[in-house]
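Colleague: Below you will find the structure I want to go over with you.
What follows draws every value from the coordinates through simple rules; no lab data is involved. The structure presented is a predicted model; accordingly, all values stated were derived computationally and were not measured. Using ideal geometry, Cβ is built from the backbone for each residue, glycine included, and neighbour counts are taken over all protein chains shown.
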C-alpha cells in the first residue's frame, strides 16, 4: 500500500463522497443476468444493427472478433505500443459495422490490455453512426482508470454516467472497490464495502474477485491469501431472498488468472504461489483445458517458466506435443532461452523420437528468433518500414554467422520484395559468411516462388545461371548449417509440387520436377549443407499438421523426397532417427538401404530403433561404412541413453571383460570429450571407480586433471553400496578421501560434484561426516547455487537427519516440498517417506498433499511393483488414510492407475 502522503494527495484531488455520490443514485440497480449488466429505465432504446451490416468485409470483422477473444494471449506477445498499433486500426471498421455489442467487446479488450481511449471521441463516433452508448461502454473506461488506481479519472467517468441518465451496474461498483485498493486508499475501500453491503452487493463473488485481483496486481500476497480464504468461507453461505443457497463458487479460470497476476507481480521470476496451486489442484472435475493452456503461454511470455511448469503439469493432455510446439513463441517473448522449456519436455509423456524432434525444433526456433537476433530483425524491419533501405543494410552488416538462418528466411524475402539485387548487396556487405547466406537465400526464395503457371525450364535456367555466377565469385556453395523451419519447407514443397506432373506421381511415385528443382541445391550447398537441408525437410514433413500438398498425400510427398535424396547420393548415419521414421510412412526398403551410410545395418534386428548410442554422432554424407564401427562389428547392444551405456559397461566388467574392452575402445575412438565426461558422471553414480579411472584416460591431458576428483566421489558411493554400515560410519579409506575433497575450490566442486551423481552422493555420504558435506555444499552455494543446499537439506530429511539442515537454510524458513520428494533416479523408500512425512506435517502442513502427489508420481514412473504398492499402502492406510482422488492431480492418477493395474500385489 502507498503511504500517508499519497493518500493525502488523493484526498486533495477528490472527495470520497463525490465518487460515492455518483454511485448512489436514487434509482435502484437493475441486474437482469448473471453478468450484472444494467439497463436504462426510461432511456432511449439502443440501436442494434446486424453484426455484419455489409459496410465492412466479413473477414475483417471475423479477424477483429478473433483477436478480441484471444486477447489474453495475443496481447502478451507485444508491448503496449505494438498492441495499440494493432487495435487502433480496428476502431474505424467497428464503427463502420455499427454493432454496439462489438463496440462493448472492443472497449473491454482495450481496458484489459491497459490501453487508454478518449471518452469524448468514442461518444462522438457512436453518435455519428446513430448508436447510443450503453452502460458497458462507460464501464470499460471505469475499468481502465480503476485498473491503474486513477480515481480522479474514475470520478470524471462516473459523472459522465450520471449525466447520460444511466445507472451504475454492479460491475462498476466492484471496479471502484478495485480502484481504491490499487490507489492505496484502504479507508475508502472499507467505506465502499460498507456501502455495497447496504445495497446487497457485499459480500458477493464479483466484489471478492475485484478485491483479489487488486491485491494480486500490487503484489500484496498476505492480503490476497487472507481474502481468498475468507471468500471460500463466506461465499457458500450466501443465500437469496427465498433462503436458498446461491452458487457463488470461485471459478477455476479466475484462480488461474489470480495465480498469473500474483506470480507476475513478484520480482522473483522463479516465484510460485503454492497456496493457489493447491486450491486449483484440489478442485473436483477436469480443469478448463483451453484456459490452462493459455495460462501456460501467458506465464512464459511474462518470463515465469517455473510458474508455467506447475500449471503445465496439471493439464491432462491427449497430445502434449501440440502445445509444446507452440511454447517457444511465448518463451522468446518472455526473454527466455531454450533451456527454460526443457522441464516441460521432461514433464510430458513423450517417447524419445518425439522428444528429439521437439528439442531440435526448439533449438532451431530459438537460434532464429531468440532475443538478441530478434532485436536486429526488429531494427532491420523498422528501417524498411520507414523506406530507409540504407539503414537496413547498415543493420544487416551487424549480423554474424550465427544469424545465417535469419538472413536466409527473414532478410532475403524482404530485400527481394523491394527489388534489391544480390550482387548489389554482396558489394556492400563484404562479409563472406553473410554473403554466402544471402546467395543461398536468393536461390531458395526463387525456387520457393514457383507457381502452377510458371515456366519451369526458364525459372530453372535463370536460377542455375545465378548459382554459377555465385560459384564463380566463391559465394556458393553455402558451407554453413541450413536452418529454414517448417513454414519455409512447406512453402518450398507447395511450389515444387505445383509445377510437378501429378499423373507421373500417381503412376510411379516420382516427380521429375522435384529432381530438377532439388538438383539446384546440389550445386548451391556443401555436402553438409545438403544433408542439413534434407534432414529439416523430412523433419518438417513428419511433424506437419498438413495432410496433403496440392492433393498429394503427405506420406507420398515424403516418399518423393526420399527418392530424390537417394538419387543425389545423400546418405544418413544408420544410427539416425530419421531412417526408421520415414520407413514407417511407406518409404521402400530399397530407398532406405540407399539412404543408409552403413547399408549392412538395415539387416540388423535393431534397425527399427530411433538412435543407436554407440558410435559417432557426426554426419556421414558418403557410403563408406569403414569410417565407423557398426553394431555388428562391435557387438555393442543398441541404447539411447548415456546412463544405459554406463550400466552396460559395469555389467560387461563383471561378466565379459573382452566385451568391455571392445566397448571402451569404441568410446575412446569415436566419442567426443563432452560425451565422455557425461559418461564419467554416470559411472560415478554407479560407484564404478575402476571404470572412471579407465575413461579418464580418454580425456585429453589438459582437461584430465579437472575431472580427477570424480574417482574419489565414485569411491565414496561404492563404499556405501557395498556396505550399509559405510552409510552410517565412514571406513578409514573413505575418511581420507573426504579429507582430500575438502580442499576442492568452488569451481572444482561445480565441475565435479554437480551432475547425475550428486543426489546419489548425498544419499551415500557417511552420516558421521555430514558436516564436511555441508561445508562443501556451502562452497557451491556461495558460488551461486543455493538450490544445491536445498537439495542436500531435502536428502538429509529423507535420511532422518533433519536436525542437521538448519545451517543450510540461510535464505529459506523451511525446505520447499519439491526438494523432499526424491528424484526419478532415487525415489523415496518406505523409511525415507515416513521420515519426510513427519517433517512436512510439522513444518509445512499446507503442502502435505503436494508432497504425497509428487512422491507417488515419481514412484509410479520408476519404482518396482513392491515399492509402489508399499508407498500407496502407507498413504491410504491409517494414520494418514488419504483419498488418492483428493490428493493427486490427474497426471499422477493416470500413471499410478496404469502401474497399479500391472502390479501383481493389487487388483483394480
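Colleague: Subtract the Cα-Cα distance of residue 453 and residue 494 from 0.36 nm times their separation in residues, and report this length gain in nm to one decimal.
Modeller: Length gained between residue 453 and residue 494: 13.4 nm.
Colleague: Calculate, in nm to one decimal, what residue 254 and residue 502 gain on full extension: separation in residues at 0.36 nm each, minus their alpha carbon distance.
Modeller: 83.9 nm
Colleague: Which value in nm describes the separation of the simple spin-label points at residue 861 and residue 234, placed 7 Å from the Cα toward the beta carbon?
Modeller: 4.1
Colleague: Using the 2.2 N^0.38 Å rule of thumb for compact globular proteins, work out how the range 641-778 stacks up: its C-alpha Rg over that value, please.
Modeller: 1.04
Colleague: Run a plain Debye calculation on the range 272-313 (Cα atoms as equal point scatterers, no solvent) and give log10 I(q)/I(0) at q = 0.34 Å⁻¹, rounded to two decimals, same order as the q list.
Modeller: For the range 272-313, the Cα-only Debye profile gives -1.23.
Colleague: Suppose R0 equals 25 Å; then what is the FRET efficiency for residue 268 and residue 148 from their Cβ-Cβ distance, rounded to the nearest 0.05?
Modeller: Result of the calculation: an efficiency of 0.60.
Colleague: If you take the beta carbon distance between residue 346 and residue 66 as r and set R0 to 35 Å, what does 1/(1 + (r/R0)^6) give as a FRET efficiency, to the nearest 0.05?
Modeller: 0.55
Colleague: Provide the packing ranking of 269-276, 175-182, i.e. peptides ordered by the mean count of other C-beta atoms within 10 Å per residue, highest first.
Modeller: Going by the mean number of other Cβ atoms within 10 Å, highest first, we get 175-182, 269-276.
Colleague: Let me ask you something else. Over all directions, what mean area does the Cα convex hull of the range 286-428 project, stated in square nanometres?
Modeller: 10.1
Colleague: Going by average Cβ neighbours within 10 Å, how do the peptides 212-224, 790-802, 658-670 rank, with the highest at the top?
Modeller: 790-802, 212-224, 658-670
Colleague: Based solely on C-alpha atoms, express the radius of gyration and the Dmax of the range 141-238 in angstrom.
Modeller: Computed over the Cα atoms of the range 141-238, radius of gyration and Dmax are 13.3, 40 Å.
Colleague: What percent do you get for the relative contact order of the range 485-581 when only Cα pairs under 8 Å and 6+ apart count?
Modeller: 34
Colleague: I'd like to compare 430-441, 550-561: which one has the highest average count of other Cβ atoms within 10 Å, and what's the full order after that?
Modeller: Averaged packing, sorted descending, gives the order 430-441, 550-561.
Colleague: Could you check the spin-label model distance between residue 81 and residue 775? Points 7 Å from the Cα along Cα→Cβ, value in nm.
Modeller: Roughly 5.6 nm, to one decimal.
Colleague: So what's the range 729-835 giving for Cα Rg divided by 2.2 N^0.38 Å, two decimals?
Modeller: That works out to 1.02 for the range 729-835.
Colleague: Continuing with the same structure: Arranged by the count of other C-beta atoms within 10 angstrom, fewest first, what order do 567, 757, 417, 849 take?
Modeller: The fewest-first ordering by Cβ neighbours comes to 417, 567, 849, 757.
Colleague: With the contact rule set at Cα under 8 Å and sequence spacing of 6 or more, what percent relative contact order holds for the range 641-778?
Modeller: 24
Colleague: More than 22 Å apart: what percent of Cα pairs in the range 274-369 qualify?
Modeller: Above the 22 Å cut-off, the range 274-369 has 26 percent of its Cα pairs.
Colleague: Contour minus end-to-end for residue 282 and residue 706, with contour as 0.36 nm per residue of separation and end-to-end as the Cα-Cα distance?
Modeller: 147.8 nm
Colleague: Could you check the simple spin-label distance between residue 156 and residue 386, using points 7 Å along Cα→Cβ, in nm with one decimal?
Modeller: Inter-label distance under the simple model: 3.2 nm.
Colleague: The range 785-908: Rg/Rh from Cα coordinates, Kirkwood Rh?
Modeller: Dividing the radius of gyration by the Kirkwood radius yields 0.98.
Colleague: Could you compute Rg(Cα) / (2.2 N^0.38 Å) for the range 440-570, with N its residue count?
Modeller: Expressed relative to 2.2 N^0.38 Å, the Cα Rg reads 1.00.
Colleague: Using 1/(1 + (r/R0)^6) with R0 = 60 angstrom and r between the beta carbons of residue 873 and residue 584, what's the FRET efficiency to the nearest 0.05?
Modeller: Efficiency for this residue pair is about 0.90.
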